[in-house]
Amino acid sequence: MQQVQKQPTLIRVMNDQIPRIQVQVDRFREVNGTKPVIVEHRETIILSERYRLCEQIKSGGQGSVYFALDLRFHERVVVKIAHHIMDAIANSRFVKEAATLALLSHPNLVKGFGFATFDNGILFFPMEYASKRTLWTYLQEHKDGAIPEIGIPLLLQLCDGLSELHRNGIIHRDLKPSNLLLTQNDTKLKITDFGLLRYLVEVEDPIAIVGTRDYMAPEQSAGSDVTSSSDIYSFGMIMYQLLCGHPPSSQYFERPRTIRSDISRKTEEVIMHALAKLPEARFQDVEQLKSALESSILERPRFRYWG
Ligand SMILES: Nc1ncnc2c1ncn2[C@@H]1O[C@H](COP(=O)(O)OP(=O)(O)O)[C@@H](O)[C@H]1O
Ligand SMILES: [Mg+2]
């Protein structure tokens, strides 16, 4: 019999109606790696009479992410909870994130299970449990990056997820390794964290600079108009990091092939093209990026021996 974990996690959930609720939530352990089983029960929060909150995965700027048990299907899901006292912009972003995730359905996008709902003093939405691992975790373990045979198939999936977003008129605006979930032994990738998404038709405060600076396109960090091309730049940053092991060091970064000889010339060209400073100098769209990436696989790198 496996040891039952004894410590309940203590979390604080706050909102503007009830100033502070202190909650001890359930812990669960995995059985056969899939179904969660509740092993300790103190005070339970069940949202929408359906989602029992379990351990916290992360507390971030926009909200907190929890494992939860879907009592209807006895499946593990993930629940994202808005921070207490959010301003109107943050609130509408949260509602928009939930609605977008629920409406989209694509293997490379995390699936939302419902709109944002207010219950138990908590604004939340449920989504599929994808994985504990992110591309960030992967990069922590692979300091030299991934070999192209592993990295490029993941990048092609990132193209597919991104292309689905852009086809629906959505810009992600916060693509980075910690927002890319890896499943099935790091062979499948899903984009998550749509907290900063923007619909192309939407008019937003033009000086609002949102996103993560390290992965942001120059026009995005300058507060100029952000288009789907800004996501392509972030893609270039992720691709550079995934294949070289670290992000570009500065504006005048080393060319990828000087760092890793197993990167082909064409693959390097894809990175450089995605990272062009001017949006109009980048790939026109994700389809163009994807086909360049696909054809780059066919080229053999100069220093590589295939046996
Ligand atoms: N659907 C999911 N399945 C599993 N883990 C997830 C899921 N969505 C998010 N996470 C985990 O929670 C972390 C934070 O979620 P995210 O949506 O990126 O919120 P934040 O706005 O705080 O960055 C992610 O980096 C990832 O580790
Ligand atoms: Mg995130």
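The values are calculated or read from the model by the stated rules, or taken from the named source; none is laboratory data. What you see is a predicted model; the values in this text were computed from it and never measured. No Cβ is skipped: glycine too gets one built from the backbone with ideal geometry, and neighbour counts run over all protein chains shown.
Considering the stretch 151-174 alone, what residues qualify as being part of a helix (DSSP H, G or I) and small (Gly, Ala, Ser)? Quick ask: steps written out before the conclusion?
Here is the first cut: in the stretch 151-174, the residues part of a helix (DSSP H, G or I) are 151-167.
Residues satisfying the conditions are GLY151, GLY161, SER163.
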## Note on the structure
When restricted to ILE263, ILE232, ILE209, the only residue within 19 Å of PHE283 (Cβ to Cβ), in contact with a helix residue (DSSP H, G or I) (Cβ under 9 Å, 6 or more places away or on another chain), assigned to a loop (DSSP other than H, G, I, E, B) and of a type in the set (Val, Ile, Thr) is ILE263
### Query
If you take the residues in the stretch 99-129 that are of a type in the set (A, V, I, L, M, F, W, C) and under 16 Å from HIS172 (Cβ atoms), which one is nearest to ligand 2 (Cβ to nearest atom)?
VAL110
### Message
Any residue that is within 23 Å of GLY60 (Cβ to Cβ), at pLDDT below 95, of a type outside the set (S, T, N, Q) and outside any helix (DSSP H, G or I) - is there at least one of those in the stretch 175-192?
### Response
no
#### Entry: Condition met for VAL201 (surrounded by fewer than 22 Cβ atoms within 10 Å (Cβ to Cβ), more than 14 Å from GLY145 (Cβ to Cβ) and touching a Gly at 6+ places or on another chain (Cβ under 7 Å))
yes
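Quick one: which residue in LEU200, LEU196, LEU156 is more than 16 Å from ligand 1 (Cβ to nearest atom) and more than 27 Å from ILE297 (Cα to Cα)?
Details: LEU196 fails: more than 16 Å from ligand 1 (Cβ to nearest atom); LEU156 fails: more than 27 Å from ILE297 (Cα to Cα).
On inspection, the qualifying residue turns out to be LEU200.
Count, please, the residues in the stretch 74-96 that happen to be touching an Asp or Glu at 6+ places or on another chain (Cβ under 8 Å) and closer than 18 Å to LEU197 by Cα.
If we filter the stretch 74-96 for residues that are touching an Asp or Glu at 6+ places or on another chain (Cβ under 8 Å), which is where we start, we get 76-78, 80, 84-85.
This time we only want the ones that are closer than 18 Å to LEU197 by Cα, so: 80.
Adding up the residues that qualify gives 1.
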### Query
Of all the strands (runs of 3 or more DSSP E) wholly in the stretch 44-85, which have at least 2 residues that are touching a Phe, Trp or Tyr at 6+ places or on another chain (Cβ under 6 Å), within 9 Å of ligand 1 (Cβ to nearest atom) and closer than 21 Å to THR100 by Cα?
75-82
### Message
Could you go through the stretch 167-178 and let me know if any residue there is buried (at least 21 other Cβ atoms within 10 Å of the Cβ) and either away from ligand 1 (no atom under 15 Å from the Cβ) or outside the structural domain of SER296 (by TED's automatic domain parsing) (or both).
### Response
yes
